[in-house]
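Written below as structure tokens is the structure these notes are about.
The values are calculated or read from the model by the stated rules, or taken from the named source; none is laboratory data. Remember, it's a predicted structure, so these values are computed and weren't measured experimentally. Cβ placement follows ideal geometry from the backbone for every residue including glycine, while neighbour counts extend to all protein chains displayed.
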Amino acid sequence: MIALITGASSGIGWATAYAFANLQYRLILCGRQQDKLDELAGQLSAKTEVTTLVFDVRDYEVVTAAIGSLPEAWQAIDILVNNAGNAHGLSAIQDGDVADWDAMIDGNVQGLLYVSRAVVPGMVARQRGHIVNISSIAGKQTYANGAVYCASKAAVEALSTGMRLDLTQHGIKVTNIAPGAVETGFSSVRFKGDTERAAQVYAGFDPLQATDIADTIVYAVTAPAHVTIADITILAAAQAAATTIYRK
Ligand code: 8X3
């Protein structure tokens, strides 16, 4: 199996690379930071074959060139994990920073589309494949001050459904995974490096860990051939809804 993971240099992508390495999947690790990808590749290369691609998912030309540059032995991608994405800022619509909006729409929506456009035609040609889109509880429940992030994840939900409609006939499975609060660098990015504010998001309860999401992805991609795990929402046990978390 060959798996391509975007956003592999941290968080859910990093944990998924580890989980896939344990399954001996050959890995194409993608991210923006070569040093981080090299570090991860170094940790996993004893378990499986690993290659890296550096690109920003927001740049269509670069995405296409990078994926197009894969040697033949790496081209038959079986699993695409569209994990790259982030939240930028948390503010009311009238106060929104347009650069933050662009980063979320371009990264979470366009980026997912660009990578998929580069990978999916090969899957169609081979009549096999599995796409895992990392959405969010925010794609199902819009919350105050998060309109644009929630909209970007609602778009991911729609794209998962649309991809499944278009690709099922070609033997390609599509899984949408919608996590709640996962303790990663996510909140630190959202709050622009304010680590104290970020820590508060995960305080007073046991949040999900990146490995919990990686386990869920493994569950979806190892399901029997006749089973599609279409949509999974995964929350911490203390989280009842996007903005309802019971803290100690
Ligand atoms: C991350 C979950 O609830 O912070 O996508 O939006 S949440």
Within the range 202-215, residues assigned to a helix (DSSP H, G or I) and within 11 Å of the ligand (Cβ to nearest atom) come out as Ile213
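Which of the following residues is in contact with a strand residue (DSSP E or B) (Cβ under 6 Å, 6 or more places away or on another chain), closer than 29 Å to Ala240 by Cβ and either in contact (Cβ under 8 Å) with a residue 24 or more places away in the chain or within 15 Å of the ligand (Cβ to nearest atom) (or both): Ser152, Ser160, Ser91?
Ser160
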So, in the range 97-129, how many residues would count as being surrounded by fewer than 17 Cβ atoms within 10 Å (Cβ to Cβ) and not in a helix (DSSP H, G or I)? 3
Inside the range 216-233, can you point out the residues that are assigned to a helix (DSSP H, G or I) and of a type in the set (Gly, Ala, Ser)? Ala220
Identify the residue in the range 136-149 that is within 10 Å of the ligand (Cβ to nearest atom) and surrounded by 19 or more Cβ atoms within 10 Å (Cβ to Cβ) and, among all such residues, is farthest from the chain's Cα centre (by Cα). Gly146
Scan the range 206-247 for residues that are crowded, with 19+ Cβ neighbours inside 10 Å and of a type in the set (Val, Ile, Thr) and report the count. 6
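Assess whether Ala236 counts as being within 11 Å of the ligand (Cβ to nearest atom), assigned to a strand (DSSP E or B), modelled with pLDDT of 95 or more and among the small types (Gly, Ala, Ser). Before the answer, list the steps.
Numbers: within 11 Å of the ligand (Cβ to nearest atom): yes; assigned to a strand (DSSP E or B): no; modelled with pLDDT of 95 or more: yes; among the small types (Gly, Ala, Ser): yes.
Taking the combined requirement at face value, the residue does not satisfy it.
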Total residues in the range 215-245, condition closer than 15 Å to Gly129 by Cα and free of Cβ contacts under 8 Å to residues at least 60 places away in the same chain: 6
Of all residues in the range 171-201 being within 18 Å of Ala220 (Cα to Cα) and away from the ligand (no atom under 14 Å from the Cβ), which is surrounded by the most Cβ atoms within 10 Å (Cβ to Cβ)? Val174
Quick check: is even one residue across the range 2-16 in a loop (DSSP other than H, G, I, E, B), within 16 Å of the chain's Cα centre (by Cα), modelled with pLDDT of 95 or more and of a type in the set (A, V, I, L, M)? yes
Based on what the data block shows, is Ile28 modelled with pLDDT of 95 or more, β-branched (Val, Ile, Thr) and not in a helix (DSSP H, G or I)? yes
